[in-house]
Amino acid sequence: MRCHVRAERPLPDELHVLYDAVGWTAYTDVPGQLQRAVDGSFLVLTARDDTGALVGLVRTVSDGVTIVCVQDLLVTPAAQGQGIGGALLDEVLRRATDIRQVVLMTDDEPQQRSFYEAHGLVEVHDVRPHGLRSFVRLA
């Protein structure tokens, strides 16, 4: 499937359909929350198929200088495995070449590690020469 990646903020209905399609209902259960999160993002890139349908999205939070956090990267189940997620991530990385840290947190599934490593990212505990730690508090 060909897709077109561009910087844009999708319409609220499109967002809900996409996030619900991948089962991320924690984002869609509270009315308006997802839209506020997207509106507050540093960068939002979408992937659309030839019909204009939203098939993928990546969003980041950042100070634009020292750190960018890839907050969400998702592709509809029907479009997964076709390079869309990689194209979205690669565009974020291309736009962040001068930013010191690119970080993200993801599910603990085997395919996640191989996907992100294929795009040049390293799990935090594998960073060398100096080890790093990562801490999180989920509410």
>> Taking all protein chains in place and a 1.4 Å probe, what share, in percent, of the accessible surface of the chain do carbon and sulfur account for?
In response: 53 percent
>> What number comes out for accessible area per residue over the chain if the probe is 1.4 Å? Units Å², please.
In response: 62 Å²
> Using modelled backbone amide H atoms (1.01 Å from N, in-plane), which distant-in-sequence or interchain residues come within less than 5 Å of F42's amide H?
Replying inline: T60, V61, S62
> Picking from D13, D107, D49, which is most flexible by a Gaussian network model of the chain using Cα springs under 10 Å?
Replying inline: D107
> Angle, helix 12-21 long axis vs. longest principal axis of the chain, Cα atoms, 0 to 90°, nearest 10?
Replying inline: 70 degrees
> From the backbone phi of the range 101-116, what are the Karplus-calculated ³J(HN,Hα) couplings (6.51 cos²θ - 1.76 cosθ + 1.60, θ = phi - 60°) in whole Hz, Gly and Pro given as x?
Replying inline: 10, 10, 10, 7, 10, 9, 4, 8, 10, x, 5, 5, 4, 5, 4, 5
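Could you order T66, T46 by accessible surface area, starting with the largest, using a probe radius of 1.4 Å?
T66, T46
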>> Check which residues have an amide H placed less than 5 Å from V55's amide H, if you skip close sequence neighbours.
In response: A47, R48, D49
>> In whole Hz and in residue order, list the ³J(HN,Hα) couplings for the range 48-59 that follow from phi through the Karplus curve 6.51 cos²θ - 1.76 cosθ + 1.60, θ = phi - 60°; x for Gly and Pro.
In response: 10, 7, 5, 8, x, 6, 6, 10, x, 7, 10, 9
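The values are calculated or read from the model by the stated rules, or taken from the named source; none is laboratory data. Please read these numbers as outputs of a predicted model, since none were measured by experiment. Side chains are part of the model used for accessible areas, which takes the heavy atoms of the whole protein and leaves out ligands, DNA and RNA. Shrake-Rupley method; radii C 1.70, N 1.55, O 1.52, S 1.80 Å.
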